[in-house]
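Have a look at the structure below, then the notes.
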Amino acid sequence: MPITTATPSVADLVLRMSEGDPVAWEEIVRRYGKLVSTTVRSFQLQDADALDAVQMTWLQLAENAHQVQFPERLGGWLTTTARRECLHILRHRVKLTSKPVDAVPETVADPSAGPEQRATAPDTAQTLWKLVDELPPRRRTLLRALFTDNPRSYTQIAHMAGIPPGAIGPTRARTLRQLRGRLRTAGVEGVLSPRASGSQA
């Protein structure tokens, strides 16, 4: 007789993820990866901009998982964050071209999102990923592999980064702390702080 295991709740996954559990992170990305990618694709951004929006959405979640108060709203939180990333990118393009963008949605699907919830403008995202590229090879590879719209398994990521699968969570936490310090030195504040993406998910 086959052994069945209960499917973990989102609340359980978020708690475990905030404690650095790589399996929980992988399951959340599996459950919500298509939602994030579909939300970003609906804005028809250029490939590089779309990748930035997806990566920043996951990066904000990784940094702020311990702040999540309502895990059952995680899907709405991710959708809201992804949309706001895309809106910032579109508005940045408007400033560059001085041309209006038609039919840019001003509302988001999740009314529970806090007013402080915002995303990072494209120039800040460029600074962020430039600093990521300056990280030590293992940490750089780890972040790039984790925050993508084509997620790999933790076994694959561990192999790519050259670390044990169980070390992914702690290494990710240390890397984010290092990255936050470099952002602060570069004069970029609020990108990876809890208030950058809200805590009402």
Ala103 more than 22 Å from Ile168 (Cβ to Cβ), at pLDDT below 90 and in a loop (DSSP other than H, G, I, E, B): yes
Among the residues listed as Leu78, Leu51, Leu59, the single one being of a type outside the set (Phe, Trp, Tyr), surrounded by fewer than 20 Cβ atoms within 10 Å (Cβ to Cβ), under 25 Å from Leu183 (Cα atoms) and in contact (Cβ under 8 Å) with a residue 40 or more places away in the chain: Leu51
Going residue by residue through the stretch 63-74, is there one that turns out to be modelled with pLDDT of 50 or more, acidic (Asp, Glu), part of a helix (DSSP H, G or I) and more than 25 Å from Lys34 (Cα to Cα)? no
Would you check which residues across the stretch 140-170 are within 23 Å of Gln126 (Cα to Cα) and either assigned to a loop (DSSP other than H, G, I, E, B) or more than 14 Å from the chain's Cα centre (by Cα) (or both) and list them? Arg140, Thr141, Phe147, Thr148, Asp149, Asn150, Pro151, Ala161
(1) of a type outside the set (A, V, I, L, M); (2) within 23 Å of Lys130 (Cα to Cα); (3) surrounded by fewer than 22 Cβ atoms within 10 Å (Cβ to Cβ) all hold for Pro71 apart from (2)
Across the stretch 19-35, what is the total count of residues that are assigned to a helix (DSSP H, G or I), surrounded by fewer than 19 Cβ atoms within 10 Å (Cβ to Cβ) and either in contact (Cβ under 8 Å) with a residue 24 or more places away in the chain or among the polar types (S, T, N, Q) (or both)? 4
Cβ contacts < 6 Å: first residue touching a residue at least 24 places away in the same chain (Cβ under 8 Å) and closer than 16 Å to Lys130 by Cα, restricted to the stretch 141-160; second residue surrounded by 19 or more Cβ atoms within 10 Å (Cβ to Cβ) and aromatic (Phe, Trp, Tyr), any location; separation 6+ or different chain. Result? Phe147/Trp58
What is the one condition in (1) at pLDDT below 85; (2) within 22 Å of Leu179 (Cα to Cα); (3) part of a helix (DSSP H, G or I) that His92 does not satisfy? (2)
Just to check your reading of the model, which residue among Arg84, Arg41 is under 28 Å from Gln156 (Cα atoms) and of a type outside the set (Phe, Trp, Tyr)? Arg41
Which numbered condition Leu142 fails, given (1) loosely packed, with under 14 Cβ neighbours inside 10 Å; (2) touching a helix residue (DSSP H, G or I) at 6+ places or on another chain (Cβ under 7 Å): (1)
Considering only residues of the stretch 36-48 that are surrounded by fewer than 20 Cβ atoms within 10 Å (Cβ to Cβ) and part of a helix (DSSP H, G or I), which is modelled with the lowest pLDDT? Ala48
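The values are calculated or read from the model by the stated rules, or taken from the named source; none is laboratory data. Because the structure is predicted, anything quoted here is derived from the model rather than measured. So basically every Cβ, Gly included, is an ideal-geometry build from the backbone, and we count neighbours across all protein chains shown.
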